[in-house]
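The values are calculated or read from the model by the stated rules, or taken from the named source; none is laboratory data. Keep in mind the model is a prediction, meaning the values are calculated, not measured. Ideal geometry is used to build each Cβ from the backbone, glycine not excepted, and the neighbour counts take in all protein chains shown. With ligands, DNA and RNA removed, areas are computed over all heavy atoms of the protein, side chains included. Shrake-Rupley method; radii C 1.70, N 1.55, O 1.52, S 1.80 Å.
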Amino acid sequence: MDTKAVIDALGALANDHRLAVYRMLVQAGHGGLSAGVIAERLGIPPSSLSFHTQALVRSGLATQHRVSRQLIYTADFTVMNKLLGYLSENCCQGDTERCQPAQKGMTRPQIVQKEENMA
């Protein structure tokens, strides 16, 4: 992934509404969600939602397709994984044990303590 694409993707996620939309799309999986469902769940007016979803589509993090009269948005998992790979490719000087994702619910001090205990 080139630097411009990384910056575009991170820029698209640097907004609370877009981040919430993207997380919702990731959770929905390959089936995606309609614009109406997203707007209803997040309480975002349709015009604002369109602005935010287009930023995600332009960055490559999401795709859009039409089913009848509905717009369906889906997270592009290939791009997501490339972004995560770019961000973590040199993690922990190659010590992959230390680069595992944090367990849900753990705070940063708990993670650091766990890492120190592993050493």
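Which of the residues that make up segment 29-46 are part of a helix (DSSP H, G or I) and open to solvent by 40 Å² or more (accessible area, probe 1.4 Å)?
His30, Gly31, Gly36, Val37, Glu40, Arg41, Leu42, Pro46
Within segment 59-72, is even one residue part of a helix (DSSP H, G or I), more than 23 Å from Leu87 (Cβ to Cβ), open to solvent by less than 30 Å² (accessible area, probe 1.4 Å) and without any contact (Cβ under 8 Å) to a residue 60 or more places away in the chain?
no
I need the full set of residues from segment 73-82 which are aliphatic (A, V, I, L, M) and assigned to a strand (DSSP E or B), in order please.
Ala75
Determine the pairs where a residue that is closer than 12 Å to Arg41 by Cβ, located within segment 1-28, has a partner that is open to solvent by 30 Å² or more (accessible area, probe 1.4 Å) and in a helix (DSSP H, G or I) with Cβ atoms under 6 Å apart, the partner being 6 or more residues away or on another chain.
Once the first residue is closer than 12 Å to Arg41 by Cβ and sits in segment 1-28, its partners that are open to solvent by 30 Å² or more (accessible area, probe 1.4 Å) and in a helix (DSSP H, G or I) give Ala20/Leu42.
Hey, among the residues in segment 16-47 that are farther than 14 Å from Leu61 by Cα and polar (S, T, N, Q), which one's modelled with the lowest pLDDT?
Among residues in segment 16-47 that are farther than 14 Å from Leu61 by Cα and polar (S, T, N, Q), the one modelled with the lowest pLDDT is Ser47.
Can Gln103 be described as over 19 Å from Leu10 (Cα atoms), surrounded by 12 or more Cβ atoms within 10 Å (Cβ to Cβ) and at pLDDT below 95?
For Gln103, the condition - over 19 Å from Leu10 (Cα atoms), surrounded by 12 or more Cβ atoms within 10 Å (Cβ to Cβ) and at pLDDT below 95 - is not met.
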